[in-house]
Amino acid sequence: MDTTKTPAANATEADATPVDLDKTEAAQPAEAEADSVRTDADPEDETFAEDADEDEAQTAQPSHVGSAASAIVAAGLGVVALSGSWVAGIVSERASVAARLELSQAADANAQIAAQFVDPWHTTAMVNGVFSALALIIATFVLALPAFSTPERVLPTWVRSVSWAGIGLGALGVLLFVLMYFDLLLAIPKAAGAGA
């Protein structure tokens with residue numbers, strides 16, 4: 001009896017061992033697949049990938065710092081041209097002094113008016129006209145720049161608005177320059193009876 005039980009027990013153990021090995025081998029690949037799925041769908045990796053995509057998009061987008069600065073400069077020049085600048089004041093005073101020095105003692109009233117009023121007036125108009133023309137050129141260049149660069153480049157709305165303001169101020173300044181320089185805005189004062 002002891003002999004029959006021992007082989008039977010050995011047979012049961014032998015049968016149980018291969019089944020256990022099969023189960024263990026089947027369990028190991030399943031766990032490996034689950035680990036790989038977890039690794040592929042790791043939220044930290046997805047966040048890192050999204051951050052990398054955003055960084056690439058930001059570096060691919062062109063910077064508009066130069067265009068924005070140029071638009072602000074153009075609008076500033078337009079304001080300076082309309083309100084007057086210290087450069088125009090200095091040049092006007094110099095023209096006035098130079099014209100007075102050229103006057104003789106016996107100069108008539110109209111010559112004195114021209115020396116003290118007309119020459120500084122025209123000089124101021126010319127300086128303001130230069131500022132206006134610069135504002136107009138710079139603002140137009142800023143608005144036209146995207147047409148000559150990559151098609152994807154689009155200026156921000158506020159840069160376009162400031163550029164259009166610079167164009168408007170520059171055009172108004174150029175118009176005032178023409179009216180002032182050719183005495184169309186205000187007539188030159190004349191002395192009554194200067195020829196008598």
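The values are calculated or read from the model by the stated rules, or taken from the named source; none is laboratory data. All values derive from a computational prediction rather than experimental measurement. Reconstructed Cβ throughout: ideal geometry from the backbone, glycine too, with neighbour counts over all protein chains shown. Side chains included, ligands, DNA and RNA excluded: accessible areas come from the protein's heavy atoms. Shrake-Rupley method; radii C 1.70, N 1.55, O 1.52, S 1.80 Å.
Here are the numbers for this structure:
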read-out	value
Odd one out for GLN116 among (1) open to solvent by less than 60 Å² (accessible area, probe 1.4 Å); (2) at pLDDT 80 or above	(1)
Selection status of VAL91, closer than 20 Å to GLY166 by Cα and under 35 Å from the mean Cα position of the chain (by Cα)	no
Residue among LEU184, LEU179 that alone is within 22 Å of SER83 (Cα to Cα), part of a helix (DSSP H, G or I), modelled with pLDDT under 95 and not hydroxyl-bearing (Ser, Thr, Tyr)	LEU179
Selected residue (only one of ALA106, ALA68, ALA74, ALA81 is modelled with pLDDT under 90, of a type in the set (A, V, I, L, M) and either open to solvent by less than 80 Å² (accessible area, probe 1.4 Å) or outside any helix (DSSP H, G or I) (or both))	ALA106
Near pairs, Cβ below 6 angstrom, 6+ apart or cross-chain, from segment 161-174 (polar (S, T, N, Q)) to any residue that is open to solvent by 40 Å² or more (accessible area, probe 1.4 Å)	SER163/LEU143
Which numbered condition ILE167 misses (of (1) outside any helix (DSSP H, G or I); (2) at pLDDT 95 or above)	(1)
Filter pass, ALA139 being open to solvent by less than 30 Å² (accessible area, probe 1.4 Å), at pLDDT below 85, out of contact with any His (no Cβ under 8 Å at 6 or more places or on another chain) and not hydroxyl-bearing (Ser, Thr, Tyr)	no
For VAL154: the one exception among (1) buried (at least 19 other Cβ atoms within 10 Å of the Cβ); (2) more than 28 Å from SER104 (Cβ to Cβ)	(1)
Test for ALA144: is it assigned to a helix (DSSP H, G or I) and surrounded by fewer than 16 Cβ atoms within 10 Å (Cβ to Cβ)	yes
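Each row is one residue, and each column tells you yes or no for (1) surrounded by 13 or more Cβ atoms within 10 Å (Cβ to Cβ); (2) touching a His at 6+ places or on another chain (Cβ under 9 Å); (3) under 18 Å from GLY76 (Cα atoms); (4) of a type in the set (A, V, I, L, M, F, W, C).
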| residue | (1), (2), (3), (4) |
| --- | --- |
| GLN112 | yes, no, no, no |
| VAL127 | yes, no, yes, yes |
| PHE131 | yes, no, yes, yes |
| LEU134 | yes, no, yes, yes |
| PHE148 | no, no, no, yes |
| GLY168 | yes, no, yes, no |
| LYS190 | no, no, no, no |
